[in-house]
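For reference, the structure discussed in these notes is given below.
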Amino acid sequence: MSYLVLARKWRPKDFEGLVGQEHVVRALTHALSTQRLHHAWLFTGTRGVGKTTLSRILAKSLNCETGITPTPCGICRACTEIDSGRFVDYVELDAASNRGVDEMTSLLEQAVYAPVMGRFKVYMIDEVHMLSGHAFNAMLKTLEEPPPHVKFILATTDPQKIPPTILSRCLQFNLKQMPADSIAQYLAHVLEQEQVSFEAGALSLIGRSASGSMRDALSLTDQAIAYSASNLTLEAVQGMLGSVDQTHLIRLLQALCDNDAPEVLAVADALATRGLSFKTALGDLAILLSRLSIHQHVGAIDDEDATLNPEIGQLAQSLSPDLVQLFYTVAVHGRQELSLAPDEYAGFVMVCLKMLSFSANRPAAEKKTLKSDPNPVSPSEPISQTAPVVPVESVEPNNEAVATAFESAQEPESVLAPVPAPQAVPEPAESLAATAGADDVVGQWPVLAAELPLSGMAQQCVLQAACLGFSNDELRLIVPTDALAKGPHLDRIRQVLAQRYGAEVKLTVIVGEVGAGLSAQWFAEEAEKARLAAAVQTLDEDPFVQALIQSFGAQIVPGSIKPVTASLNPPNT
Ligand SMILES: [Zn+2]
């Protein structure tokens with residue numbers, strides 16, 4: 001016995017077998033039982049949703065030897081011949097390849113003759129929107145005064161391209177894309193009948209990959225049967241579709257959550273070594289993020305993929321809902337733009353790093369509680385040089401986040417310079433020499449550190465360090481990491497200090513926790529937060545932005561706002 005592919009073998013032969021198009025079936029069944037028959041139907045819908053299948057069932061209903069019926073017998077000559085594509089009075093024409101006026105004219109010439117065997121001549125014109133203008137005109141005449149024995153079934157994926165004169169003469173039905181779980185259910189039914197073993201997860205994956213098309217789903221199932229030697233496990237189907245094991249994606253999201261760039265790249269490498277498609281990976285990531293978002297809003301989902309719920313639950317707690325939304329947008333757009341990337345790996349990595357930068361740039365209040373300093377001090381020069389320019393009339397930075405660190409240091413600025421201007425600052429030392437030996441080096445260290453002419457590791461070291469003391473020509477610093485505490489960069493710092501101080505300076509660097517308000521970096525970060533908060537507030541108060549939000553549903557993506565530096569953008573008068 002020859003093998004018949006599933007898509008053909010399981011093509012529904014009656015209205016009852018048609019999955020997911022109940023609304024169309026109901027209307028047609030009613031028309032057939034009451035014999036109120038239109039002479040032209042138009043079926044619209046994306047490919048593979050069942051337009052041709054529906055057309056054949058309708059042709060049988062009209063021509064079954066048992067009479068016009070919503071339940072054709074399936075065994076009479078008309079029924080069997082239509083099923084096998086041999087019925088003389090049922091003509092399927094593909095307008096994509098027969099789009100000219102000549103083909104249409106010869107078809108319509110045949111239409112005037114009475115049917116050879118059946119009750120009606122049924123013409124099915126697929127992809128009807130492809131017909132030329134002349135062909136449409138030729139058809140229009142017949143549609144206006146159709147012979148009583150002629151029925152037209154038009155099908156299209158693009159109804160917009162059909163002239164309104166034609167549309168107005170058809171009874172239109174829009175066939176829906178089949179939901180993934182309906183497809184999976186139907187596949188389970190098919191495989192039970194075919195006595196093929198399967199895992200539910202494998203069928204959900206096929207259901208999702210088929211994008212609403214039952215025909216594609218059945219073809220994929222056929223391939224999966226061959227690929228997996230008749231044992232449809234999730235793993236086999238993932239392998240066949242080149243789809244990505246969710247654990248990689250969970251790992252990726254966890255790394256994004258932890259701000260762990262090396263781990264993000266490690267996941268990309270892991271996908272590359274397995275030869276998996278990055279396009280599919282981004283698609284799967286978007287699906288995972290949508291599950292994550294649903295989880296955040298309504299709780300755990302109970303379906304075939306429910307095994308992932310614990311991991312998703314954990315991520316749902318660590319990532320804020322709007323960050324999940326943002327990741328989703330980045331994944332979807334990144335997937336679309338993957339073809340523009342020099343290669344898929346580079347494209348994928350850039351998408352991940354983009355997410356990482358959004359994740360890393362979250363306003364501090366959202367990721368962790370802002371450190372509050374009862375006696376805020378701010379260095380003056382190095383930081384206020386990069387004042388933001390925000391195009392508004394005036395801004396009063398009274399945001400909470402600003403208030404914490406800069407409460408006493410704020411003053412509303414006028415046009416084009418809403419800078420949180422730090423004021424309550426200790427007088428910066430001119431140089432180490434000026435204050436050598438003085439205890440207040442500790443307090444002024446952040447300013448001094450920012451002034452030292454250093455770069456690279458040496459600069460990072462002094463910027464991240466707090467000063468523990470300066471006495472007897474010994475400068476004692478505390479830094480947050482081992483890497484900063486030792487290495488050749490310390491010599492460079494000694495050199496620069498000696499130049500400044502005019503004598504050898506002994507440098508001692510230890511590792512430990514650098515307290516808030518003690519390092520130059522802390523101030524730089526606080527200033528950045530304040531500028532960001534001011535920029536956010538400016539946007540919040542901007543009437544134009546508000547108008548966009550109200551009129552067009554625009555949304556400001558949290559974390560995407562960046563203050564512009566003054567030096568790059570001098571204010572215009
Ligand atoms: Zn029949």
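Of the residues making up the stretch 491-520, those that are in a loop (DSSP other than H, G, I, E, B) and among the aliphatic types (A, V, I, L, M) number 5. Residue pairs whose Cβ atoms lie under 6 Å apart, sitting 6 or more positions apart in sequence or on different chains, and linking a residue in the stretch 67-78 that is assigned by TED's automatic domain parsing to the domain that holds Asp14 and within 18 Å of Glu16 (Cβ to Cβ) to a partner that is within 8 Å of the ligand (Cβ to nearest atom) and of a type in the set (Lys, Arg), are Pro72/Lys60. Taken residue by residue, the stretch 54-76 has no member that is surrounded by fewer than 18 Cβ atoms within 10 Å (Cβ to Cβ) and more than 16 Å from the ligand (Cβ to nearest atom). One residue alone among Ser219, Ser277, Ser213, Ser228 is more than 25 Å from Leu191 (Cβ to Cβ) and in contact with a helix residue (DSSP H, G or I) (Cβ under 9 Å, 6 or more places away or on another chain), and that residue is Ser277.
Scanning the stretch 143-152 for residues that are over 13 Å from Leu167 (Cα atoms) and modelled with pLDDT of 90 or more turns up Pro147, Pro148, His149, Val150, Lys151. Apart from one condition, Tyr186 fits all of (1) closer than 25 Å to Ala59 by Cα; (2) in the same structural domain as Glu109 (by TED's automatic domain parsing); the exception is (2). For the stretch 53-76, a residue qualifies if it is more than 21 Å from Leu140 (Cα to Cα) and part of a helix (DSSP H, G or I), and the qualifying residues are Thr53, Leu54, Arg56, Ile57, Leu58, Ala59, Lys60, Ser61, Leu62, Asn63. Please find, within the stretch 450-460, the residue that is modelled with the lowest pLDDT out of those that are surrounded by 14 or more Cβ atoms within 10 Å (Cβ to Cβ) and under 16 Å from Ala498 (Cβ atoms). Filtering the stretch 450-460 for residues that are surrounded by 14 or more Cβ atoms within 10 Å (Cβ to Cβ) and under 16 Å from Ala498 (Cβ atoms), the one modelled with the lowest pLDDT comes out as Glu451.
For the stretch 154-176, check the following and say yes or no: at least one residue is within 16 Å of the ligand (Cβ to nearest atom), touching an Asp or Glu at 6+ places or on another chain (Cβ under 7 Å) and in a strand (DSSP E or B). No - not one qualifying residue is present in the stretch 154-176. Arg215 satisfies every condition listed in (1) assigned to a helix (DSSP H, G or I); (2) modelled with pLDDT of 90 or more; (3) surrounded by 15 or more Cβ atoms within 10 Å (Cβ to Cβ) except (2). Considering every residue within the stretch 134-141, establish whether at least one is under 29 Å from Asp14 (Cα atoms), surrounded by fewer than 21 Cβ atoms within 10 Å (Cβ to Cβ) and more than 16 Å from the ligand (Cβ to nearest atom). No: the stretch 134-141 contains no residue that is under 29 Å from Asp14 (Cα atoms), surrounded by fewer than 21 Cβ atoms within 10 Å (Cβ to Cβ) and more than 16 Å from the ligand (Cβ to nearest atom). The number of residues in the stretch 142-184 being under 30 Å from Ser228 (Cα atoms) and free of Cβ contacts under 8 Å to residues at least 60 places away in the same chain comes to 1.
Each row is one residue, and each column tells you yes or no for (1) out of contact with any Asp or Glu (no Cβ under 9 Å at 6 or more places or on another chain); (2) more than 30 Å from Leu140 (Cα to Cα); (3) part of a helix (DSSP H, G or I).
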site: Met178; (1), (2), (3): yes, yes, no
site: Ala184; (1), (2), (3): no, yes, yes
site: Gln193; (1), (2), (3): yes, yes, yes
site: Leu205; (1), (2), (3): no, yes, yes
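Quick one: is Phe43 out of contact with any Cys (no Cβ under 8 Å at 6 or more places or on another chain), buried (at least 18 other Cβ atoms within 10 Å of the Cβ), aromatic (Phe, Trp, Tyr) and closer than 17 Å to Ser213 by Cα? Yes, satisfied. Every listed requirement among (1) over 21 Å from Thr221 (Cβ atoms); (2) basic (Lys, Arg); (3) buried (at least 18 other Cβ atoms within 10 Å of the Cβ) is met by Arg11 save one, (1). For the stretch 497-535, a residue qualifies if it is hydroxyl-bearing (Ser, Thr, Tyr) and more than 17 Å from Ser471 (Cβ to Cβ), and exactly one does: Ser519.
Just the residues that are away from the ligand (no atom under 16 Å from the Cβ), among the charged types (D, E, K, R) and assigned to a loop (DSSP other than H, G, I, E, B), please, taken from the stretch 77-124.
Result: Arg99, single match.
Taking each residue of the stretch 466-491 that is more than 17 Å from Leu454 (Cβ to Cβ) and looking for partners that are among the polar types (S, T, N, Q) and modelled with pLDDT of 85 or more with beta-carbon atoms closer than 6 Å, six or more apart or interchain, yields Arg476/Thr508; Pro480/Gln464.
The values are calculated or read from the model by the stated rules, or taken from the named source; none is laboratory data. Treat the numbers as computed from the prediction; the structure is a model and nothing was measured. Note that each Cβ is placed from the backbone with ideal geometry, even for glycine, and that neighbours are counted across all protein chains shown.
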